[in-house]
Ligand SMILES: Nc1ncnc2c1ncn2[C@@H]1O[C@H](COP(=O)(O)OP(=O)(O)OP(=O)(O)O)[C@@H](O)[C@H]1O
Ligand SMILES: [Mg+2]
């Protein structure tokens, strides 16, 4: 009769505890997964190369070998390097600004109730605008160099990060906040010691989701008005009916996207190591 | 020094109003050890929450050191009934939290964390995250987190509820030793009558919901007390029987 509450409380959390040690199987699950991945990749490439390409027409869908050759040419003569750098520049600058502003605004509207109540519908309205359609406006305001692309990227990234941060901040367990209040902490301390760490999962998730949007924004910005960049080059390849060029450009963007996503994931794993692994 | 004057707390839920605390007037003297007992759901936690500034009384006032209090009071520490260790901090980082807020030097924090974690028997679990601790261990870590900064008044809500009998006795002993040294004011909620009698200067018995004070029993067993010795002693048992009589009718109402 005297311990019902506390005992059941802890049982709730048991599912989150690490798994007990068990005997390892011969092939660990991670190895199996990786083998299957490689297998799937190779199979898809072979299918494309030897079935789809001959059956349809390499003119339309190119083929892995042609793409590989093109990538090799680009790598050796370096003609595309300035375009690549240009695209990365707008991606990174826009991503940094968008994430920074997104986190900051998410905290403000999430934490200050009145501000959130007033501004939420406006954010939702802005977010529902198809940003791509604003491209011409950005060009009108900022010309055709880097600035409009940065703005395009930032405008896409911002809302993803802002809405997630806001949700994370609102999701903070008020009991945790009270622990600090009782210890006499001020609002700033609460922000650093409770709100940020508990909203961090949400923020990391949004940083990952926002990354592809950053690349999309940069490429679209270049397709709308530019004389440089990967987006411009892909558009140009399309103009001269060079499907291999389009695919090769896409492969580069895909590799960049994967690498960056992985980087963020590592960062997350490090800072969230208190969480049970294998979510 | 902690005075409840005609305090009531009412909750509004979607369907109805719940009166959790009903016109409680109670004076808790400085450096006293006061235990609250009463049927489950009667309003003990609510009363502590009000004292800690977490809920506003619907009527009445709570004074601390004669001052009317609004909001939070740094001098009151609170070990809550629910689990509130931060899952992203290790046990030691949780325990050291209050000292961190006081900007003490790292070495001093480490030294005190070490001392208090040993006190609650968690010395070897400093680097474990809460999810890697057992329920009872988490309770003890939560105790250390409040004890470590030695607030003038400490509210504790069923702090030893999840512990086995031996561990409970040993924790009671640690608590009494600590209290003999720093003489904080303690308000301690428990369902264990023997525990209440062993620890307290006064035991406050509450009615079933809404909580009203049914009786205040002064326990004048000599101090310092050794829980291992007196827990099963005749004196304690007879006071328990007395308290049990007071509680019995109330419990009957609760269960029905
Ligand atoms: N936030 C709330 N909203 C509505 N009702 C509440 C709230 N908090 C508590 N109550 C109600 O107030 C009553 C007293 O609750 P309280 O937690 O104070 O009981 P307690 O004496 O601590 O019980 P226990 O010994 O089981 O912990 C209960 O009936 C509960 O349903
Ligand atoms: Mg309670």
key: Highest-MSF residue in chain B out of B:44, B:173, B:74 [GNM, Cα springs under 10 Å]   = B:74
query = With each pseudo-label sitting 7 Å past Cα toward Cβ, what's the residue B:65-residue A:255 distance in nm, one decimal?
reply = 6.8 nm
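If you take the square roots of the eigenvalues of the alpha-carbon gyration tensor of region B:45-111 and sort them as a ≥ b ≥ c, do you get rounded (a/c under 1.5), prolate (a/b over b/c) or oblate?
Since a/c reaches 1.5 but b/c is at least a/b, the shape of region B:45-111 is classed as oblate.
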task = Pairs of Cα atoms under 8 Å, at least six residues apart: use those to get the relative contact order of region A:63-271, whole percent.
result = 29 percent
query = Hey, how many Å between the Cα centroid of region B:1-41 and the Cα centroid of region A:173-208?
reply = 30 Å
inquiry  = Taking a ≥ b ≥ c as the square roots of the Cα gyration tensor eigenvalues, with a/c under 1.5 meaning rounded and otherwise prolate when a/b beats b/c, else oblate, which class fits chain A?
reply    = oblate
query = What is region A:87-143 by shape, rounded, prolate or oblate, if you read a ≥ b ≥ c off the alpha carbon gyration tensor as root eigenvalues and call it rounded for a/c under 1.5, prolate for a/b larger than b/c, and oblate otherwise?
reply = oblate
message = As a test of the formula, what do you get for the protein assembly as shown when each DSSP H run with n ≥ 4 contributes -39,500 (n - 2.57) and the sum is divided by the residue count, at 222 nm and rounded to the nearest 500 deg cm²/dmol?
response = -18500 deg cm²/dmol
request  = Give me the percent of DSSP beta bridges within chain B that run antiparallel, rounded to the nearest 5.
outcome  = 55 percent
query = For chain A, modelled as a GNM with alpha-carbon contacts under 10 angstrom, which of A:201, A:31, A:256 fluctuates the most?
reply = A:31
query = Label 7 Å along Cα→Cβ of residue A:72; region A:222-249 residues with amide nitrogen under 20 Å?
reply = A:243-249
ask   = Where does region B:83-150 land on Rg/Rh, using Cα atoms and the Kirkwood Rh?
value = 0.92
note = Computed over all unlike Cα pairs, the Kirkwood hydrodynamic radius of the protein assembly as shown in Å stands at 28.0 Å
ask   = Alpha carbon centre of region B:135-203 versus region A:125-163: separation in Å?
value = 58 Å
note = Rounded to a whole number, the mean other protein chain Cβ count within 10 angstrom for residues of B:133-139 is 4
key: Residue-span extension gain [residue A:34 to residue A:112] - 0.36 nm each, minus C-alpha spacing   = 23.5 nm
message = Report the gain in length on full extension from residue B:12 to residue B:181: 0.36 nm times residue separation, minus Cα-Cα distance, nm rounded to one decimal.
response = 56.6 nm
ask   = What average count of beta carbons from other chains do you get within 10 Å of the Cβ of residues in B:68-78?
value = 2
query = So if R0 is 25 Å, what FRET efficiency would residue B:166 and residue A:21 give, r being the distance between their Cβ atoms, rounded to the nearest 0.05?
reply = 0.35
ask   = Most exposed first by the Cβ proxy, i.e. fewest other Cβ within 10 Å, how do A:131, B:145, B:112 rank?
value = B:112, A:131, B:145
For chain B, built as a Gaussian network whose Cα springs stay under 10 Å, the top-fluctuating residue of B:168, B:30, B:234 = B:234
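A short reminder: the numbers here are calculations on the coordinates, not readings from a lab. If you're wondering where the values come from, they're calculated on a predicted model, not measured in any experiment. Backbone-built Cβ (ideal geometry, glycine too); neighbour counts: all protein chains shown.
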